[in-house]
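In what follows, a single structure is set out as structure tokens and then discussed.
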């Protein structure tokens, strides 16, 4: 296939009047489609169920985004059976055939970019500047993985003995269960599912209950792109009703999951138990983080403060890569903290559809209650420096951007909050700051602001995180540029958007022929 070299999808500039008018039109289009119902998609069947999932606008909970069917074990069984049957034919298609479908889907998303941004704003509460990045990331995954599959389609070179031919190549694995999160409802869902499908596997896609409408739109896009029926089943539902069934079933060959540590560990435990299948199930898990920005005593303090705020409060801290800890050298602690507080207090919070808003609500009532609980815990453990306010949840799930001054072992400095809450910690040296940064069971992202080359090189090797950034933000990884994934309790370090990701969805084979 003759393709242009890969490049990341550009963002839109919402200060441009024409772009802003287009966005406003997209908002009107989405508003006109609110409240619709979406059935399950299993093969050629469109299935309504007795139960339903009602998705609401987290900025205005009285506004229904849409209603989706809610699968139980019965529908999960149907989806697994369909995926198993479809795998036989789909796994034998060429890499070029599969890549063309993914590239077609990328083109559809590109043409519908403003509309997709609108859906993310309404259903997940993102401001447009966050939503555009995440829609672009979904397009990037489709473009990048298509090219990666074409690179890998004939295997990779190995050495051969004289008189022999040795080949090392890949084949599809089987049925994959993809369990997607709500915080990147299009990007991560697209990345996990497209990686599984472009490598020749079939997929049962279970989106988050909070963002199941965006997932339905994704399923429509894949169908429009020419994905054969049965290659991907759209199966919204509650994890408590079918999650264990999907993971444990012997027809499931692998599970791709992004979400909380506790759920990820549960999935890993269930998948490890033999259930009659003739293989060991594979789990690709990304399970969150407790990420830190370390500021050294010789750092560019203005830049450090700016990037702490961007990393901590982008999408209200509801990113597994968000900076939930700022670890500041004691010599610059007061100065950096003052700058961070000033910039935090200048953030505008409100309805994401309004211009000039920096952050919106948290995703749902449960998350609102969880973050509110951590605020109370943090106030008891340390000093409330700024923020700490919440609204009446009936009018929106808003939590003000908050800064807490705490010790390194405080609950709020150890547990993932997933909200606009930043713990600020004082360190007596760079070594002490790095020690504090590593003192967590997680290992996803981390950052260091320093001009000291020796300190940066120490952190390059000793900062225990899968993605480490120097003198910049620690969020916003780009597909193909900053492959993303962590270790420790942050997951299996499967590095989404990187050169090692697709092979984890395939079985490597060695075939040797002597002549």
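Looking at (1) modelled with pLDDT under 95; (2) over 17 Å from residue 257 (Cβ atoms), which one does residue 200 not meet, given that it meets all the others?
Result: residue 200 fails condition (1) only.
Looking only at the range 473-489, which residues are farther than 25 Å from residue 142 by Cβ and out of contact with any helix residue (DSSP H, G or I) (no Cβ under 6 Å at 6 or more places or on another chain)?
487, 488 - these are the residues of the range 473-489 that are farther than 25 Å from residue 142 by Cβ and out of contact with any helix residue (DSSP H, G or I) (no Cβ under 6 Å at 6 or more places or on another chain).
Can you tell which of 371, 340, 362, 336 is crowded, with 19+ Cβ neighbours inside 10 Å and part of a loop (DSSP other than H, G, I, E, B)?
Numbers: 371 fails: part of a loop (DSSP other than H, G, I, E, B); 340 fails: part of a loop (DSSP other than H, G, I, E, B); 336 fails: part of a loop (DSSP other than H, G, I, E, B).
Of the residues listed, the single one that is crowded, with 19+ Cβ neighbours inside 10 Å and part of a loop (DSSP other than H, G, I, E, B) is 362.
In this structure, does residue 308 turn out to be touching a helix residue (DSSP H, G or I) at 6+ places or on another chain (Cβ under 6 Å), over 30 Å from residue 504 (Cβ atoms) and at pLDDT 95 or above? So that I can check it myself, show each step before the final result.
Values: touching a helix residue (DSSP H, G or I) at 6+ places or on another chain (Cβ under 6 Å): yes; over 30 Å from residue 504 (Cβ atoms): yes; at pLDDT 95 or above: yes.
It is true that residue 308 is touching a helix residue (DSSP H, G or I) at 6+ places or on another chain (Cβ under 6 Å), over 30 Å from residue 504 (Cβ atoms) and at pLDDT 95 or above.
Might you check whether a residue that is part of a strand (DSSP E or B) and either within 18 Å of the chain's Cα centre (by Cα) or closer than 25 Å to residue 179 by Cα (or both) occurs anywhere in the range 288-296?
Here is the first cut: in the range 288-296, the ones part of a strand (DSSP E or B) are 291-295.
Those still in the list that are either within 18 Å of the chain's Cα centre (by Cα) or closer than 25 Å to residue 179 by Cα (or both) too: 291.
Within the range 288-296, one or more residues are part of a strand (DSSP E or B) and either within 18 Å of the chain's Cα centre (by Cα) or closer than 25 Å to residue 179 by Cα (or both).
Would you point out the residue of the range 1-19, among those that are within 30 Å of residue 154 (Cβ to Cβ) and in contact (Cβ under 8 Å) with a residue 12 or more places away in the chain, that is farthest from the chain's Cα centre (by Cα)?
Across the range 1-19, the extreme among qualifying residues is 1.
How many of the residues in the range 176-195 are part of a helix (DSSP H, G or I) and within 17 Å of residue 315 (Cα to Cα)?
At the first step, the residues of the range 176-195 found to be part of a helix (DSSP H, G or I) are 187-195.
Narrowing further to those that are within 17 Å of residue 315 (Cα to Cα): 187-188.
Counting residues in the range 176-195 that are part of a helix (DSSP H, G or I) and within 17 Å of residue 315 (Cα to Cα) gives 2.
Here are 79, 71, 83, 136: which of them is touching a residue at least 40 places away in the same chain (Cβ under 8 Å), touching a helix residue (DSSP H, G or I) at 6+ places or on another chain (Cβ under 7 Å) and farther than 17 Å from residue 34 by Cα? Give the derivation first.
Details: 79 fails: touching a helix residue (DSSP H, G or I) at 6+ places or on another chain (Cβ under 7 Å); 83 fails: touching a helix residue (DSSP H, G or I) at 6+ places or on another chain (Cβ under 7 Å); 136 fails: touching a helix residue (DSSP H, G or I) at 6+ places or on another chain (Cβ under 7 Å).
It is 71.
Give just the number: which of (1) in a loop (DSSP other than H, G, I, E, B); (2) surrounded by fewer than 20 Cβ atoms within 10 Å (Cβ to Cβ) does residue 77 not satisfy?
Unmet for residue 77, out of (1) in a loop (DSSP other than H, G, I, E, B); (2) surrounded by fewer than 20 Cβ atoms within 10 Å (Cβ to Cβ): (1).
Do we have any residue at all in the range 483-500 that's loosely packed, with under 14 Cβ neighbours inside 10 Å and assigned by TED's automatic domain parsing to the domain that holds residue 141?
To start, the set of residues in the range 483-500 that are loosely packed, with under 14 Cβ neighbours inside 10 Å comprises 499-500.
Filter once more, keeping what is assigned by TED's automatic domain parsing to the domain that holds residue 141: 499-500.
The answer is yes, given that some residue of the range 483-500 is loosely packed, with under 14 Cβ neighbours inside 10 Å and assigned by TED's automatic domain parsing to the domain that holds residue 141.
Looking at the structure I just gave you, is residue 290 buried (at least 24 other Cβ atoms within 10 Å of the Cβ) and on the phi < 0 side of the Ramachandran plot? Let's see the steps before the verdict.
Working: buried (at least 24 other Cβ atoms within 10 Å of the Cβ): yes; on the phi < 0 side of the Ramachandran plot: yes.
Here the answer is yes, as residue 290 does meet what is asked.
Give just the number: which of (1) more than 24 Å from residue 359 (Cβ to Cβ); (2) at pLDDT 95 or above; (3) more than 24 Å from the chain's Cα centre (by Cα) does residue 22 not satisfy?
(1)
Of (1) modelled with pLDDT of 95 or more; (2) assigned to a loop (DSSP other than H, G, I, E, B), residue 376 satisfies all except one. Which?
(2) is the only condition that residue 376 fails.
Which residues, taken from the range 469-482, are more than 24 Å from residue 294 (Cα to Cα) and buried (at least 24 other Cβ atoms within 10 Å of the Cβ)?
To start, the set of residues in the range 469-482 that are more than 24 Å from residue 294 (Cα to Cα) comprises 479-480.
Scanning the range 469-482 gives a single hit, 479.
Tell me the residue from 280, 221 that is assigned to a loop (DSSP other than H, G, I, E, B), touching a helix residue (DSSP H, G or I) at 6+ places or on another chain (Cβ under 9 Å) and either at pLDDT below 95 or on the phi < 0 side of the Ramachandran plot (or both), please. Steps first, answer last, please.
Numbers: 221 fails: assigned to a loop (DSSP other than H, G, I, E, B).
Selected residue: 280, the only one of 280, 221 that is assigned to a loop (DSSP other than H, G, I, E, B), touching a helix residue (DSSP H, G or I) at 6+ places or on another chain (Cβ under 9 Å) and either at pLDDT below 95 or on the phi < 0 side of the Ramachandran plot (or both).
If the requirement is being in contact (Cβ under 8 Å) with a residue 40 or more places away in the chain, surrounded by fewer than 19 Cβ atoms within 10 Å (Cβ to Cβ), in the same structural domain as residue 352 (by TED's automatic domain parsing) and assigned to a helix (DSSP H, G or I), which of these qualifies: 394, 435?
On the way: 435 fails: in contact (Cβ under 8 Å) with a residue 40 or more places away in the chain.
Sole residue among the options that is in contact (Cβ under 8 Å) with a residue 40 or more places away in the chain, surrounded by fewer than 19 Cβ atoms within 10 Å (Cβ to Cβ), in the same structural domain as residue 352 (by TED's automatic domain parsing) and assigned to a helix (DSSP H, G or I): 394.
Here is a yes/no grid of residues against (1) touching a residue at least 24 places away in the same chain (Cβ under 8 Å); (2) in a loop (DSSP other than H, G, I, E, B); (3) over 23 Å from residue 303 (Cα atoms); (4) more than 16 Å from the chain's Cα centre (by Cα):
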| site | (1), (2), (3), (4) |
| --- | --- |
| 404 | yes, no, no, yes |
| 447 | yes, no, no, yes |
| 459 | yes, no, no, yes |
| 465 | yes, yes, no, yes |
| 468 | no, no, no, yes |
| 478 | yes, yes, no, no |
| 499 | yes, yes, yes, yes |
| 510 | yes, no, yes, yes |
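Which condition breaks for residue 33 when tested against (1) within 27 Å of residue 355 (Cβ to Cβ); (2) not assigned by TED's automatic domain parsing to the domain that holds residue 110?
Among (1) within 27 Å of residue 355 (Cβ to Cβ); (2) not assigned by TED's automatic domain parsing to the domain that holds residue 110, the lone unmet condition for residue 33 is (2).
The values are calculated or read from the model by the stated rules, or taken from the named source; none is laboratory data. Here the structure is a predicted model, which means the values were calculated and not measured. Using ideal geometry, Cβ is built from the backbone for each residue, glycine included, and neighbour counts are taken over all protein chains shown.
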